[in-house]
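Accompanying notes for the structure given below.
The values are calculated or read from the model by the stated rules, or taken from the named source; none is laboratory data. Computed from a predicted model, the values in this text were never measured in an experiment. Glycine gets a Cβ as well: all are built from the backbone with ideal geometry, and neighbour counts include every protein chain shown.
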Amino acid sequence: MTRTAAIAIAGAIALAAGAQAAEIRVLNWKGYGTDEPWAVAAFEKATGHTVVHDYFNSEQEMLTRLRTNPGAYDVVLINSAFTRQAAAEGLIQPIDTAGMKNVADLAPNLAGNPELAFDGKVWGVAWVWGVTGIAYNTEAMDRPDSLEVFWDPAMKGRVGWRDDALESVQFAALVTGQSINDIRDLDAVRDRLARLMPQIRVFWSSENDWNQFLAAGEFDVATYWSGSAARSKTHFGLPVEFVIPREGAIGWLDGLSIPAGSANVEAAKAFIDWMIDPEFYVKWDTEVGAPASANLKAAAALPEDAFNRRVLGDPANIARVEIMKPVSDADRERFLALWQELKAAAQ
Amino acid sequence: MRGPVPLLAPAYLWLTLAVFLPLSAMGFFSLVSDIPVGGRAWTLTLDNYAEFLARPFYAQLLWRSLELGAVVTGLCLLIGAPCAWVLARTIRGRWREALFILVILPFWSNGLVRVFSWAIALRGGGVLDWAVNAILPWDVRVNLMFSWWAVVIGLVHSYLPYVILTGYVAMQAIDQRLIEAARSLGASRRMILWRIVLPLSLPGLAAGAVLVFVPVVGSFMEPRILGGRAGTFFGTVIEDQFTAVFNWPLGAALSFILLAVVLAVLAAAAPILRRSQ
């Protein structure tokens, strides 16, 4: 039933858009929803538009690609912390959401997040959100409830960490009682991260890394993204549980944007509308594992024991999550220098 | 036009396109305050080079990369020279062809694939761990993954063929009669090795060493994948500037410092290289 319904919905989108068959190019993280083969196939079958994917490994790489290849992409996934920067650099265009039938069902605070909708225009359609927190091997240790687990002497050499300067600094800020968006005491952060270094066994950089390292017993506890943790559990059958630590967690919101110079705006809008469709989301979350949807109807359509209702649906958990704001280039470079210096000192 | 100019033109054109232009673009980037795209304001500055001096960890990592380059080059020579000798002098006919293909085979596969296959071999519970435990009666844990040695192993494997191939060419050209003459005059095997074989194969081995040393000092992929926490080198720091913070000017300046240091190392080694001509 879901397949035919999906096709019917996508078909309606195509008719509404009155679009001709086009090839749309999507720029995203690999394995992050838009490139699910069944979703692409359903979309292609319904609309006649073909979908080609290109991937990036970091947000900066995504921006670099948009800067150096104007007109090469039609849909791009941009984290809300970068949407303003992309718009200010003229890399993306505002989206006229009229005619996108699922936009009305988006959670107002996410769709209207000032980092996605500003200057009276929509620059990114809220797609999914989630948190970066702690994920651990349930067979190897007890449930941690605090970020202090990463500094626990018993976990020395058992910690996995993402080799990302900003995220490292933000976690250290949380554990020292600071806001991730307003880090005042960088010395405390440096001190914390210096003590973290000997605890780290390995740096992970992708979901694939993370799953392999956990399965091979390289680490027992690691920083991780909530949606990916759900995927590790449901899709790969790994003994993983996700925790939102009591100090707080780094929240993020991903939006789908249309790059400036896209020649297939209507087709791109149809694709984005399909991406926020409950039909797509329920299948993505139940069969593959996904972050939390920004679409309220989609979240409500999940089974009751679903991770995205159980963990991310708990109001006490959500209250501790702080959504990340944009970070200036100067701060980024400062954090990277700090992080590199600590890594160099730990050699 | 007369003389050698028209004949040399294609070579110079190629050098201009492939070497001079990209290098001068990077040279330009290393001298600006911000990358001139998207209407960003920029000025000419030396700050990027000053940054290297202001933060001692850059120099520390550069030294670490040079050390890595020296160790990997040394190991490649230690393993590669005997291999080249066996290939050039001992084995003949079809076997030589077969071994030759085995030496070149790694070149046919993507570098990333080779590194990932090492990751599978080196990690705990991996192929190496399994094999060692299958042979030895007592329980040993072999987990070399995410260590300095994992990086060295991956790099030696990647660059060893350069030394074998250049060494092979030089050793094959050694006149057999020289060795026979030395032997008939009563030279020991060691003396033949030190006085005839090594000096005559030095040009090839030196060329191989340069081919290994230069890319290893700037390597970033192998350290990142195999090194884990121990995988921070000068090359990975440069890569971070380009991919993680879009700070091309600093990345370009660090690259040029690396280039200068590598050229200085090669200049210091020049007497050895020249003597071997």
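Conditions (1) hydrophobic (A, V, I, L, M, F, W, C); (2) over 27 Å from residue A:332 (Cβ atoms); (3) within 13 Å of another protein chain (Cβ to nearest Cβ); (4) touching a residue at least 40 places away in the same chain (Cβ under 8 Å), marked per residue:
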| position | (1), (2), (3), (4) |
| --- | --- |
| A:194 | yes, no, yes, yes |
| A:198 | no, no, yes, yes |
| A:201 | no, no, yes, yes |
| A:207 | no, no, no, yes |
| A:215 | yes, yes, yes, no |
| A:232 | no, yes, no, yes |
| A:268 | yes, yes, no, yes |
| A:276 | yes, yes, no, yes |
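Inspect all residues belonging to the range B:198-219 and state whether any of them is surrounded by fewer than 20 Cβ atoms within 10 Å (Cβ to Cβ), within 14 Å of chain A (Cβ to nearest Cβ) and without any contact (Cβ under 8 Å) to a residue 24 or more places away in the chain. Checked against the condition, which is being surrounded by fewer than 20 Cβ atoms within 10 Å (Cβ to Cβ), within 14 Å of chain A (Cβ to nearest Cβ) and without any contact (Cβ under 8 Å) to a residue 24 or more places away in the chain, the range B:198-219 yields no hits at all. Considering each residue of the range B:117-132 in turn, at least one proves to be modelled with pLDDT of 85 or more, closer than 21 Å to residue B:69 by Cβ and not in a loop (DSSP other than H, G, I, E, B).
Restrict the check to the range A:230-237 and report whether at least one residue is in contact with a helix residue (DSSP H, G or I) (Cβ under 8 Å, 6 or more places away or on another chain) and assigned to a loop (DSSP other than H, G, I, E, B). Yes, some residue in the range A:230-237 is in contact with a helix residue (DSSP H, G or I) (Cβ under 8 Å, 6 or more places away or on another chain) and assigned to a loop (DSSP other than H, G, I, E, B). Residues in the range A:74-107 that are β-branched (Val, Ile, Thr), within 14 Å of another protein chain (Cβ to nearest Cβ) and part of a helix (DSSP H, G or I): there are none. For the range A:331-347, taking the residues that are assigned to a helix (DSSP H, G or I) and more than 13 Å from residue B:55 (Cβ to Cβ), the one that is nearest to the other protein chains (Cβ to nearest Cβ) is identified as A:332. Of the conditions (1) within 14 Å of another protein chain (Cβ to nearest Cβ); (2) assigned to a loop (DSSP other than H, G, I, E, B); (3) at pLDDT 95 or above, residue A:157 clears all except one; give me its number. Going through the list (1) within 14 Å of another protein chain (Cβ to nearest Cβ); (2) assigned to a loop (DSSP other than H, G, I, E, B); (3) at pLDDT 95 or above, residue A:157 breaks only (3). Among the residues of the range B:141-160, is there at least one that is farther than 30 Å from residue A:340 by Cβ and either loosely packed, with under 15 Cβ neighbours inside 10 Å or among the charged types (D, E, K, R) (or both)? Yes: one or more hits. A single entry from A:135, A:111 fulfils the requirement of being at pLDDT 95 or above, hydrophobic (A, V, I, L, M, F, W, C) and within 20 Å of the chain's Cα centre (by Cα): A:135.
Listed by position, the helices (runs of 4 or more DSSP H) enclosed by the range B:1-103 that each have at least 2 residues that are surrounded by fewer than 15 Cβ atoms within 10 Å (Cβ to Cβ), within 14 Å of chain A (Cβ to nearest Cβ) and within 24 Å of the chain's Cα centre (by Cα) are B:56-85. Are there any pairs, at least 6 apart or on different chains, whose C-beta atoms fall under 6 Å, with the first in the range B:109-126 and within 14 Å of chain A (Cβ to nearest Cβ) and the second surrounded by fewer than 15 Cβ atoms within 10 Å (Cβ to Cβ) and among the β-branched types (Val, Ile, Thr), and if so, which? Sorted first by the residue in the range B:109-126, then by its partner, the pairs are B:121/B:127; B:126/B:120. Can you pull out every residue in the range A:74-114 that is in contact with a Ser or Thr (Cβ under 8 Å, 6 or more places away or on another chain) and surrounded by fewer than 22 Cβ atoms within 10 Å (Cβ to Cβ)? Result: A:93, A:103, A:113.
For the criterion of being surrounded by fewer than 24 Cβ atoms within 10 Å (Cβ to Cβ), among the hydroxyl-bearing types (Ser, Thr, Tyr) and modelled with pLDDT of 90 or more, residue B:188 passes.
Of note, residue B:234 satisfies the criterion of being modelled with pLDDT of 90 or more, under 30 Å from residue B:24 (Cβ atoms) and within 12 Å of chain A (Cβ to nearest Cβ). Being over 22 Å from the mean Cα position of the chain (by Cα), within 14 Å of chain B (Cβ to nearest Cβ) and either in contact (Cβ under 8 Å) with a residue 40 or more places away in the chain or closer than 22 Å to residue A:167 by Cβ (or both): is that true of residue A:71 here? Taking the combined requirement at face value, the residue does not satisfy it.
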